[in-house]
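Read the structure below first, then the notes.
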Amino acid sequence: MGDFFNLKKKNITIRGEFVGGLTTFLTMAYIIFVNPSILSVTGMDKSALISVTCIAAFTGTMLVGLWARVPFAMAPGMGLNAFFTYTLVIGQGLDWQTALGVVFISGIAFFILTIAGIREKIINAIPLSLRLAVAAGIGLFITFIGMKNLGLIVDNPATLVSLGKFNTRVLLGLIGLIIIAVLEVKKIRGSILIGILVTFVLGILFKQVAIPDAIVSAPPSIAPVAFKLDILGALRWGLIGAIFSFMFVDLFDSIGTIVACSYEAGHVEEDGTIKKIDKMLEADAVATIAGSLLGTSTTTTYIESASGIADGARTGLASVFTACFFLLALFFAPVIGAVPAFATSPALIIVGVFMFNNIKNIDFSDFALAIPAFLTIILMPLTYSISTGLTFGFLSYVLIAGFSGNAKNISPVMWIISVLSALNLIISAV
């Protein structure tokens, strides 16, 4: 193990990698509760989704640990699972099997772009302000979903939305939100996981949640969702926009996370190039493909890996430990399955805050950048669709630049993206 990960050469201990791997797991373990809660809205079996989430996280994290040998972790991505459920299945009326087919195709496309070296051209073609706006918009979208699931926000025929009634479940969820926020201020590791579990226990005490029959059991079968994807059903013109949206969000989410965590872990060369970035992205794409076959939305690299790196994780051995913790979590399905929506909703709100953080880096003094960024951010929650926000953001950027006499500054790749966005908008409208 020491030779494989070059521990002695780098003066790294197994204990340090174990602690780093455990820290990463604790900070992202909330996905085991939240992902099944979101995806089960589509009609997918929640118990099966618990196993699938753990197995997908284990597979992706183990792959990046052994293949790229870096201390990063993977799991079904927040925002992407919301896009899967609320945009594709509920919004466009697809069945979840076809939606999984869309995820599979986007993973194949992402893999091809990675090995062909096209991803760099796409990244360079899209302005930084739009990249930051995508993360911020998804953050607002996730927060909106969290508030809706909690019952804090309800529909209103006169104003579209309004404040919900403060019943016991809403109050417990708000207590959970405050707990997570305070723990985050105190920089306590695993704050989101702690908040979910405390809210769950409070739910039991206030008789809002039934006590689970057992704490440990054999992992639930994945048969109800595994290998149920409909690839042929996803191969139609009307879903090109959705495939592009999955690929785009996964691409920039992964790139942003990899860059940030690579600096923290010391995996950046003097000239600014990132070591093994191709292997990291390849692992990300393969994990997405594998996850869609298992029965979950896009698997991506988690920014929570930075917490483990801060605690000493430096090599892929830390990821191996993190992966093993996800495998161990499979046996706690009775507890995980009993956690209600009001306990997981605060996690969605907090994750939204994290994703909205980079909005400060957008230059809102330049209207040529500010308007596309603003439309991207605001239309994601208002239209309940990530792809709609992307579409309007790309189109408005190209149109404003073109009519302002700056068409020469738009790259050919950006023109192609804008054309695809226009087609996606037309198809959606029809």
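Bear in mind these aren't lab numbers, they're just calculated from the coordinates by the rules spelled out. All figures in this text were calculated on a predicted structure; none of them were measured in a lab. Cβ sites come from the backbone with ideal geometry, for glycine too, and all protein chains shown count toward neighbours.
Listed values, structure above:
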read-out: Per-residue [θ]222 nm for the chain (sum of -39500 (n - 2.57) over DSSP H runs n ≥ 4, rounded to 500); value: -20500 deg cm²/dmol
read-out: Extreme residue, positive dipole direction of region 14-429, given options 67, 38, 376 (C-beta unit charges); value: 38
read-out: Loop-exposed GluC sites (Glu not before Pro) per DSSP, neighbour cap 16 Cβ within 10 angstrom, longest uninterrupted part of the chain; value: 1-268
read-out: Around residue 85: net Lys/Arg minus Asp/Glu count, Cβ-Cβ under 15 Å; value: 0
read-out: Gaussian network model of the chain, springs between alpha carbon atoms under 10 Å - residue of 217, 47, 345 with greatest fluctuation; value: 217
read-out: Label point at residue 223 placed 7 Å out along Cα→Cβ; residues across region 324-344 whose backbone nitrogen lies under 18 Å; value: none
read-out: Exposed trypsin sites (Lys or Arg not before Pro) absent: longest stretch of the chain, with sites in DSSP loops and at most 13 other Cβ within 10 Å deemed exposed; value: 237-430
read-out: Highest to lowest packing among 150-158, 173-181, scored as the average C-beta count within 10 Å; value: 173-181, 150-158
read-out: Sites residue 165 and residue 235 - FRET efficiency at Förster radius 41 Å, r taken between beta-carbons, to 0.05; value: 0.35
read-out: Exposure proxy ranking, count of Cβ atoms within 10 Å, fewest first, for 59, 301, 288, 13; value: 13, 59, 301, 288
read-out: Contact order relative to length of region 45-124, as percent, for alpha carbon pairs under 8 angstrom and 6 or more apart; value: 16
read-out: Proxy reagent accessibility, fewest Cβ within 10 Å first, across 27, 61; value: 27, 61
read-out: Karplus (6.51, -1.76, 1.60) ³J(HN,Hα), θ = phi - 60°, over region 227-243, in Hz, Gly and Pro reported as x; value: 6, 9, 5, 10, 6, 5, x, 7, 8, 9, 4, x, 9, 4, x, 5, 4
read-out: Lysine pairs meeting the criterion (Cα under 20 Å, 8 or more apart or interchain), as found in region 14-429; value: 8
read-out: Estimated dipole of the chain in Debye, rounded to 20 [Cβ of Lys and Arg +1, of Asp and Glu -1, Cα centre]; value: 440
read-out: Cα gyration tensor shape of region 170-304, rounded if a/c is under 1.5, else prolate or oblate by comparing a/b with b/c; value: oblate
read-out: Fewest-first sequence of 64, 185, 198 by Cβ atoms within 10 Å of each Cβ; value: 185, 198, 64
read-out: Separation between Cα centres of region 281-330 and region 155-213, rounded to whole Å; value: 27
